[in-house]
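Heads up: the structure comes next, in structure tokens.
Just so it is clear, none of the values below were taken in a lab; they were calculated from the coordinates. Every value quoted in this text rests on a predicted model; they were computed, and no experiment measured them. Cβ coordinates were reconstructed from backbone atoms using ideal geometry, including for glycine residues, and neighbour counts include every protein chain displayed.
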Amino acid sequence: MPLITETDVLVVGAGPAGLSAALCLARLGIRVKIVERRILGEVAGQADGIQSRTVEIWDNLGMGDKLRQLGTTVYQLATYAPNEDQTGIKLANKVLNIPLPSARYPYELILHAKHMEEIMRDALSGVQVHVEQPCGRAISYQAERLAASKIQPYEREKAISDQSLVDHVETIRARYVIACDGAHSWVRQQCGITMEGTSPGLAYGVIDFTPVTDFPTSRAKNILQSPLSGALGYIPKPNNTARLYILLKDPDVIQDLDQSSDKERTRKISQIITNGFLPYDMRVENVTWCNTYKVSQRVASRFSHKGCIFVAGDACHIHSPNAGQGANVSMVDAYNLSWKLAYVMRGWASKAILDTYELERRPYSLELIEFDKVIEKLFRPEGLSPDEFAQLWHRHLLFITGLGLRYKSPLIVSDRFHDTMAGATIGQRFPPVEVIRYMDWTPCNTLDIIGYSMKFKLIVFAGDTTKPAIKQRCVDFIDKLSQTSRLRELVTTSIVLCVKKEESISGFIQLQGNMIDTQIFIDDGINPGRNPGLAHEIFKVSPDMGASALIRPDGHVAMVIPVSSDQVHLIEEYLSSL
Ligand SMILES: Cc1cc2nc3c(=O)[nH]c(=O)nc-3n(C[C@H](O)[C@H](O)[C@H](O)COP(=O)(O)OP(=O)(O)OC[C@H]3O[C@@H](n4cnc5c(N)ncnc54)[C@H](O)[C@@H]3O)c2cc1C
């Protein structure tokens, strides 16, 4: 008896992209099925570096605490250059890894891919979604029916690796498919989507191990230019372990390592490391993974097919792991796409919104490849010195951390009123700042206030509402918002008053009673060092004028408008245009 199941979204592949997509969709109340061909316990990716923006996203998905609990934080970046007599290395520089005031988490978080996956799977179980694995190696779908029917059929052979189940075929009917099946994506190939780009001809050795060492900065991230072993990248990992990247330039060495047994390869790479750290003692013990790989820099020609199959993660962009981006970017792909799919399925937006996935994510992927080419210079003989690398790293920090990601698409409205809130950039993620919740004086970060849900968030910096005219303007604005049904349905409003917490805000409390989903915050702190009005100052909002930001479910600022009932129609028009 053939098994037929139905779902809203079928996610193919349970690496970082697939698990994130399934989790985001399930959190938004969408029925999702996720299938994976690996057997349980086998790990897919090798990612271990989580960037600042991704940590924020994990917070929103309820996984941030676990991530911080299990991961290692990297606050410092040290660089080493050849010493005078070219017999070893010497410390060149020690700097902060992420010196960014706009970072809520000014560090890179290191956690093994296996543990990242476990955290995501646990979170998925919490929303009653379980990865179905192992599914068959081949997943076929009936492309000709895609455009015609409302619910499209997808077929896969299940558990092909288990001979007793070879004859068992399950058909999954899904309205949408997200292909998160990695760099060699089978789904992408079936859709005729090509990968465009080149292979720069670089190869790396990579090894996970326990360092036994007197190397002084072994708990920092280190970039070494060794006269004996070339460029090395050292990343501290949890439980006093580490990962090391080695550039392999010599084709004979690459071939030799490729053809070596695992044991031989490990021995040879360990020797390169021991030499590379001289005069420090660096012994490689308890190796848990050792491999070589060649870098490609490619982006998919399209990110979707027939408006119902979407490609995410390594399936649509591949590059070197030099800046720890792949898994991060893959998860952000999922974060970008999921709410848009959910909006279409709920009937809150037209299908056109799905086109903005490619419009927003593909240019970013192309930028990533360009950045990869810049950073790769470190690993070329004629390339960057360690100091130049540190400077380059800092110059591109907003990009590396994901905090500078700025979307440009029809979903981002012109910056006509940007000056009224110049501290936030339209198209970028809304920045973090601490305010206090009026009802209990609990300190709250704006990123937590925004959170992750189906709704847009309207953050209203009301200004100094001790002044009657300003208070009245804000009250009128909120009143007008509450009269608009589309707004009530799609938007949660938070008002931040630029007053001292001891100030009476009675007019607003009454207002809150009238309006569902409105929260009141005070631009003040509970610590003596935190001045009233700091958030208005950081966001460059005049306390005499106020300003408000409409924020998308993925945290990016869609538009900024003045606190004026005359301008509420702009939000209404925006929401109607979705
Ligand atoms: C050495 C190394 C270090 C790295 N370090 C970092 C880092 O520090 N930070 C970072 O962000 N990135 C890093 N990356 C990159 C990162 O690992 C990848 O970008 C990331 O894993 C991509 O996630 P994904 O979900 O798109 O694909 P994958 O992780 O490849 O997952 C795809 C999944 O799909 C499954 N699959 C494939 N075909 C099918 C099918 N037909 N049916 C069902 N399932 C299928 C696969 O089994 C796999 O589980 C590193 C990569 C390497 C190699």
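List every residue pair whose Cβ atoms sit under 8 Å apart, with the two residues 6 or more apart in sequence or on different chains, where the first one lies in segment 451-463 and is free of Cβ contacts under 8 Å to residues at least 40 places away in the same chain and the second, anywhere, is among the small types (Gly, Ala, Ser) and surrounded by fewer than 22 Cβ atoms within 10 Å (Cβ to Cβ). The qualifying pairs do not exist here.
Contact map, segment 481-493: residues that are over 20 Å from residue 520 (Cβ atoms) paired with residues that are small (Gly, Ala, Ser), Cβ distance under 9 Å, separation 6+ or inter-chain. Pairs shown: 486/576.
All of 291, 328 fail the test of being surrounded by fewer than 20 Cβ atoms within 10 Å (Cβ to Cβ) and within 30 Å of residue 73 (Cβ to Cβ), apart from 291. Of 76, 69, all but one fail to be away from the ligand (no atom under 15 Å from the Cβ), surrounded by fewer than 20 Cβ atoms within 10 Å (Cβ to Cβ), without any contact (Cβ under 8 Å) to a residue 60 or more places away in the chain and under 20 Å from residue 108 (Cβ atoms); the exception is 69.
For segment 295-350, the tally of residues that are at positive phi and in contact (Cβ under 8 Å) with a residue 40 or more places away in the chain stands at 4.
The rows are residues; the columns are (1) touching a strand residue (DSSP E or B) at 6+ places or on another chain (Cβ under 7 Å); (2) over 19 Å from residue 448 (Cα atoms).
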| residue | (1), (2) |
| --- | --- |
| 6 | yes, yes |
| 9 | yes, yes |
| 52 | no, no |
| 63 | no, no |
| 66 | no, no |
| 73 | yes, yes |
| 84 | no, yes |
| 96 | yes, yes |
| 103 | no, no |
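Restricting segment 300-320 to residues that are of a type outside the set (Ser, Thr, Tyr) and surrounded by fewer than 22 Cβ atoms within 10 Å (Cβ to Cβ) leaves a set whose member that is farthest from the ligand (Cβ to nearest atom) is 307. Does at least one position in segment 24-42 carry a residue that is over 19 Å from the mean Cα position of the chain (by Cα), under 13 Å from residue 120 (Cα atoms) and within 16 Å of the ligand (Cβ to nearest atom)? Among the residues of segment 24-42, at least one is over 19 Å from the mean Cα position of the chain (by Cα), under 13 Å from residue 120 (Cα atoms) and within 16 Å of the ligand (Cβ to nearest atom), which makes the answer yes.
Results for (1) surrounded by 17 or more Cβ atoms within 10 Å (Cβ to Cβ); (2) under 30 Å from residue 520 (Cβ atoms), shown as yes or no for each residue.
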{"position": "386", "(1), (2)": "yes, no"}
{"position": "407", "(1), (2)": "yes, yes"}
{"position": "415", "(1), (2)": "no, yes"}
{"position": "420", "(1), (2)": "yes, yes"}
{"position": "428", "(1), (2)": "yes, yes"}
{"position": "436", "(1), (2)": "yes, yes"}
{"position": "441", "(1), (2)": "no, yes"}
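Does segment 38-49 include one or more residues that are assigned to a helix (DSSP H, G or I) and in contact with a strand residue (DSSP E or B) (Cβ under 8 Å, 6 or more places away or on another chain)? For segment 38-49, residues assigned to a helix (DSSP H, G or I) and in contact with a strand residue (DSSP E or B) (Cβ under 8 Å, 6 or more places away or on another chain): absent.
Against the numbered list (1) part of a strand (DSSP E or B); (2) crowded, with 23+ Cβ neighbours inside 10 Å; (3) free of Cβ contacts under 8 Å to residues at least 60 places away in the same chain, residue 90 comes up short only at (2).
Residue-by-condition table, conditions (1) over 28 Å from residue 184 (Cβ atoms); (2) within 13 Å of the ligand (Cβ to nearest atom):
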| position | (1), (2) |
| --- | --- |
| 10 | no, yes |
| 82 | yes, no |
| 124 | no, no |
| 127 | yes, no |
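Please tell me if residue 271 is free of Cβ contacts under 8 Å to residues at least 12 places away in the same chain and more than 30 Å from residue 176 (Cβ to Cβ). Yes; evaluated as a whole, the condition is true for this residue. Which pairs have Cβ atoms under 7 Å, sit 6 or more apart or on different chains, and link a residue in segment 422-444 that is without any contact (Cβ under 8 Å) to a residue 40 or more places away in the chain to one that is crowded, with 19+ Cβ neighbours inside 10 Å? Listed pairs, sorted by first residue: 442/436. Within segment 309-324, the residues that satisfy the criterion of being assigned to a loop (DSSP other than H, G, I, E, B) and within 15 Å of residue 362 (Cα to Cα) are 312, 316, 319. Search segment 321-343 for residues being under 17 Å from the mean Cα position of the chain (by Cα) and of a type in the set (A, V, I, L, M), and hand back the single one that is farthest from the ligand (Cβ to nearest atom). It comes out as 337. Could you say whether any residue in segment 257-268 is in a loop (DSSP other than H, G, I, E, B) and away from the ligand (no atom under 13 Å from the Cβ)? Yes, segment 257-268 contains at least one residue that is in a loop (DSSP other than H, G, I, E, B) and away from the ligand (no atom under 13 Å from the Cβ). Return yes or no: is residue 50 hydrophobic (A, V, I, L, M, F, W, C), within 12 Å of the ligand (Cβ to nearest atom), closer than 14 Å to residue 105 by Cα and surrounded by 23 or more Cβ atoms within 10 Å (Cβ to Cβ)? Considered against the rule, which asks whether it is hydrophobic (A, V, I, L, M, F, W, C), within 12 Å of the ligand (Cβ to nearest atom), closer than 14 Å to residue 105 by Cα and surrounded by 23 or more Cβ atoms within 10 Å (Cβ to Cβ), residue 50 comes out as yes.
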